[in-house]
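What follows is a set of notes on a single structure, which appears directly below.
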Amino acid sequence: MGEVKLFFGPNHPGMHGNFSVHLYVEGDTVVKAKPLPGFLHRGFEKLMERRTWFQNVALIPRICVPEPDINEVCYSMAIEKIAKIDVPERAQWIRMIVLELARIANHLWSFAGIGGPLGLYTGPFWGVADRDRILDIFEQLTGARIYHMYIIPGGVRKEMPSKIQDMISQTLDYIESRLPDYENLILRNRIVQTRLKGIALLDRESALTMGVTGIGLRATGVPYDLRKVDPYLYYNYVDFEVPTATEGDAYSRIKLKYLEIKQSIRIIRQVLEKMPEGPINTKFSDGNALRYRVPKGYAYVHVEATRGEYGYFVVSNGEDKPYRVTVRGASYPQGLYGIEKYLPGTRIEDVPIWLDTMGVCAPEIDR
Amino acid sequence: MTIFKVAAVLLTGFFVGLTLEGIARKIIARVQRRYGPPWYQNFIDVFKALSKHGFSHGWIFDFGVLMALGGVIATLSFVPLGNLVAFPGLDNVFVVLYLFAVGALGMAMGMVGSGNPNASIGVARALTQMLGYEVPYLVSLAAIIFYYKTSSISNLMNLQADSWNLFKMPIGAAVAFISLMGMLGKKPFDTPIAPAEIASGPMVELSSKYMGLLMLMHTFSIFVEISLFVDIFLGGGSYLVFLLKFTVVWIIATLISAVLPRFRIEQVVKFYWRVPLGLAFLQAFFVLIGWVF
């Protein structure tokens, strides 16, 4: 059998999102892989330069579909840093709740994502259904399920509804009670272990050279988590651990996701206890917010997304619109360089496993 | 009379097969905590697909699909369903196994004729997998044929009147069941159609009528495979008792597949040639030295 070109995406059941990889295969083995982004290119960064500071709040969540809140937090924190705005304490705690809920939701979705490539279709249905409960919280809290536009420069948009704390606690209890099921279905499943252990390997040196962060790096034994390394919001006031593994394979990455859900639940419970009463945003502009001008300056802020370091570099020249905004997509290194470098030699079966456990997210590459 | 019996066998295959597939979808849905389609969904699917205008990929493609369906229908008419035997005296294990290959080869030919690389990879995987499960299956069948000194399925059924082969030769029955999972293409052995890897493999270029015909072929093959297992390992009995046993086997296979992921193709073959083949030889050895319960 000669070399065959296989279009893996954008219309392929094993592909997450609008992204394509052209695979050159011999039999079942990949000889060459070429990532082809661009199907989702909306020019987010350029669009931001044409919109006012506050109009952008509605645009930025679209850069990352599974976890939109990191964009809002990064963008708001960058503006606050440039304009030296003090954010009320309560708002920062609420932001932490939103971020951690989004992390749990994304990891649950990731269990769904790994189910597809493995053929374990019970995972997707369970994962998506449980994630929906978190979306219910978001709907109560922000009015929207996916793109919340809740975190704005200066704080958050609205006070939390009165009974939302009970709802969050109950949902966390529920998710915690479901975790053993996921462990039995996925992590302790013998065939899953056969399929994932030693697959999609990434060693520490390559991960550091490419700039892979997040779970991809932590699975190689480097405890690099921005919440610990460079704490933002109030992450230095809560207790949590950063799970790491040393194998650097697909199984350890999935296991880390599972362990991180537990840590996120722990963080949210502490936040609910420690959160003070008080104002939820700072009024820093007189009159029309759309005419607000951020003083001249620049700032880089980053947060720990589920896939790694997610950063915004914002430059203002004192106008009513940003001069330049650059987004560091967390999955950019593994999504472009990783595919080209590490897919050759693997089997077709392992291609979607690489894409899923590395969290390759097309809009981050196409921003 | 024979023609009525053949019609009865085929109609059973059609109605019971499609109904049980629908029920399996419902069962899997409940495992996955969702509502699931109605039990008659597969009838709707088949009739809808058959009623639409299709797109052909050349005569090899057309011929392959018809050969697949024809081969499987021919095989089914030789399989005894309890005491309903269409061709008494001809219902031989070897007849069924050889005729069954015609359907598989027809499908392979037609799907490769579609020219899609995904289909070619899928067919290559299907044939590789067949190599994996056929060997342990045939070894365990050979042990049974040696023990009873007959290869007629009806005779094998009647000879189990006192005790089923499931209890007489439990290891062989386990091997046959694992092989059955591979034949049915149930997880963990659904590698040939793996949607996330090769976009459903052989079926990738099928539209409308062709899809409908292949769905029917799939239903009939499931019926042949499980019927063979039920006849050989779960004893004889009347037509209704047979259908009851058939349903139980099908539901167990469905439940197992609902919580397992799929193997890679080389893991499939490695698994079959290591565990079930070893067990099959063990069973054959026990039969040779007369250790049968």
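Figures for the structure shown
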{"quantity": "Qualifying residue in segment A:172-179 (condition: part of a helix (DSSP H, G or I), within 21 Å of the chain's Cα centre (by Cα) and free of Cβ contacts under 8 Å to residues at least 40 places away in the same chain)", "calculated": "no"}
{"quantity": "Residue check, A:F19 within 10 Å of another protein chain (Cβ to nearest Cβ) and either surrounded by 16 or more Cβ atoms within 10 Å (Cβ to Cβ) or within 26 Å of the chain's Cα centre (by Cα) (or both)", "calculated": "no"}
{"quantity": "From A:Y310, A:Y298, A:Y337, residue being crowded, with 16+ Cβ neighbours inside 10 Å and in contact with a Lys or Arg (Cβ under 9 Å, 6 or more places away or on another chain)", "calculated": "A:Y310"}
{"quantity": "Residue that is of a type outside the set (V, I, T) and surrounded by fewer than 19 Cβ atoms within 10 Å (Cβ to Cβ), where the choices are B:A161, B:A199", "calculated": "B:A161"}
{"quantity": "Residues (under 11 Å from A:A250 (Cα atoms), of a type in the set (K, R) and within 11 Å of chain B (Cβ to nearest Cβ)) located in segment A:181-227", "calculated": "A:R195"}
{"quantity": "Qualifying position, being more than 20 Å from the chain's Cα centre (by Cα) and more than 14 Å from chain B (Cβ to nearest Cβ), among A:D86, A:D69", "calculated": "A:D86"}
{"quantity": "Qualifying residue in segment B:232-243 (condition: closer than 30 Å to A:L6 by Cα and either in contact with a Gly (Cβ under 9 Å, 6 or more places away or on another chain) or of a type in the set (G, A, S) (or both))", "calculated": "no"}
{"quantity": "Helices (runs of 4 or more DSSP H) lying entirely in segment B:1-110 (those with 2 or more residues that are hydrophobic (A, V, I, L, M, F, W, C), touching a residue at least 24 places away in the same chain (Cβ under 8 Å) and touching a strand residue (DSSP E or B) at 6+ places or on another chain (Cβ under 8 Å))", "calculated": "B:2-31"}
{"quantity": "Odd one out for B:F55, checked against (1) over 26 Å from B:K245 (Cα atoms); (2) at pLDDT 85 or above; (3) not small (G, A, S)", "calculated": "(2)"}
{"quantity": "Test: residue in segment A:16-26 that is over 17 Å from A:P344 (Cα atoms) and either part of a helix (DSSP H, G or I) or touching an Asp or Glu at 6+ places or on another chain (Cβ under 6 Å) (or both)", "calculated": "no"}
{"quantity": "Residue tally, condition farther than 30 Å from A:I191 by Cα and in a loop (DSSP other than H, G, I, E, B), over segment A:225-248", "calculated": "9"}
{"quantity": "Sole residue being in contact (Cβ under 8 Å) with a residue 60 or more places away in the chain and within 14 Å of chain B (Cβ to nearest Cβ), chosen from A:F44, A:F111, A:F7", "calculated": "A:F111"}
{"quantity": "Selected residue (only one of B:W250, B:W273 is within 18 Å of B:A174 (Cβ to Cβ), surrounded by fewer than 20 Cβ atoms within 10 Å (Cβ to Cβ) and more than 14 Å from chain A (Cβ to nearest Cβ))", "calculated": "B:W273"}
{"quantity": "Test set (1) β-branched (V, I, T); (2) buried (at least 23 other Cβ atoms within 10 Å of the Cβ); (3) within 14 Å of another protein chain (Cβ to nearest Cβ) - B:V230 fails condition number", "calculated": "(3)"}
{"quantity": "Only listed residue being under 30 Å from A:Q193 (Cα atoms), in a helix (DSSP H, G or I) and at pLDDT 90 or above, chosen from A:A78, A:A102", "calculated": "A:A102"}
{"quantity": "Residue that is in a loop (DSSP other than H, G, I, E, B), touching a residue at least 40 places away in the same chain (Cβ under 8 Å) and either within 14 Å of another protein chain (Cβ to nearest Cβ) or surrounded by 19 or more Cβ atoms within 10 Å (Cβ to Cβ) (or both), where the choices are A:P61, A:P13", "calculated": "A:P13"}
{"quantity": "All helices (runs of 4 or more DSSP H) inside segment B:133-219 with 3 or more residues being away from chain A (no Cβ under 14 Å)", "calculated": "B:153-159, B:165-168, B:170-184"}
{"quantity": "Unmet criterion (only one of (1) more than 14 Å from every other protein chain (Cβ to nearest Cβ); (2) assigned to a helix (DSSP H, G or I)) for A:S162", "calculated": "(2)"}
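The values are calculated or read from the model by the stated rules, or taken from the named source; none is laboratory data. Since we're looking at a predicted model, the values are computed, not measured. Positions of Cβ are generated from backbone atoms using ideal geometry, with glycine treated the same way; all protein chains shown enter the neighbour counts.
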